[in-house]
Amino acid sequence: MQKIECICGDTFPDISIEKGIQIFLFKKTPQTRYGHLKEDNPLEISLYLSKTDNINTAKELLIRMLVHSFIWQQYEYRFRNREQTLFEDILADEYVTSAFTFMILGRKMGRANCVKALEQAVEETVYRLSQKQTQTKLAEVMYNFFQEENLRTKKRTNIIEHREELVLKLLEFLPEKTG
């Protein structure tokens, strides 16, 4: 954990030191990912391992989940005064988590590891966006957007203007800039 703090340039929040981080180990199945954080508690990690995973694989997965927890804790306990938003935790979080995991493991962040980190981030982003809760939120935004559009105008819509309005609606999921 000290190496995570050193590489990430900050310390774990006091609450994680006081309460600790719980790590639950489970048998990996074809339906499970390598791990996840409890959605409302970044101090609870579920890690999935198979019999064929070696110590290096387990170490990388554990560090990856600890980095995820570290990032979520920074937002949850230090910077955030509101609920997490849909997009701030997905691609950027996944990419930073992958890259920092490599650095903590002592790997050089050359082009090959940057590509590998991006591949992991894209894979995790696709997985997270495919989850029912996330899809429900996005479907609700889309439905409301098109209902508003139908009420606002019955004329032909310029597809580019329509796209830009939808992008603005989706950007509401991004966190507000602070400071």
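The figures follow:
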read-out: Whichever residue in the range 47-57 is farther than 21 Å from Y127 by Cα and not acidic (D, E) and, among such residues, is least open to solvent (accessible area, probe 1.4 Å); value: N54
read-out: Index of the failed condition, D89 passing every other in (1) modelled with pLDDT under 90; (2) of a type outside the set (K, R); (3) in a helix (DSSP H, G or I); value: (3)
read-out: Evaluation of D40 against (1) modelled with pLDDT under 85; (2) more than 27 Å from Q133 (Cα to Cα) (one fails), failing number; value: (2)
read-out: Lone unmet requirement of (1) farther than 18 Å from R128 by Cα; (2) open to solvent by 20 Å² or more (accessible area, probe 1.4 Å); (3) outside any strand (DSSP E or B); (4) not aliphatic (A, V, I, L, M) for Q74; value: (2)
read-out: Check on E18, out of contact with any strand residue (DSSP E or B) (no Cβ under 6 Å at 6 or more places or on another chain), acidic (D, E), free of Cβ contacts under 8 Å to residues at least 40 places away in the same chain and in a helix (DSSP H, G or I); value: yes
read-out: Qualifying residue in the range 9-26 (condition: closer than 20 Å to A121 by Cα and either open to solvent by 60 Å² or more (accessible area, probe 1.4 Å) or not small (G, A, S) (or both)); value: no
read-out: Per-region count, the range 27-46, residues open to solvent by 70 Å² or more (accessible area, probe 1.4 Å) and either under 16 Å from H68 (Cβ atoms) or part of a strand (DSSP E or B) (or both); value: 5
read-out: Residue among E176, E161 that is part of a loop (DSSP other than H, G, I, E, B), open to solvent by 90 Å² or more (accessible area, probe 1.4 Å) and modelled with pLDDT under 75; value: E176
read-out: Only listed residue being closer than 27 Å to K137 by Cα and of a type in the set (A, V, I, L, M), chosen from I90, I104, I17, I63; value: I90
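The values are calculated or read from the model by the stated rules, or taken from the named source; none is laboratory data. Keep in mind the model is a prediction, meaning the values are calculated, not measured. Cβ: placed from backbone, ideal geometry, glycine included. Neighbour counts: every protein chain shown. Only protein heavy atoms, including side chains, enter the accessible area calculation; ligands, DNA and RNA are left aside. Shrake-Rupley method; radii C 1.70, N 1.55, O 1.52, S 1.80 Å.
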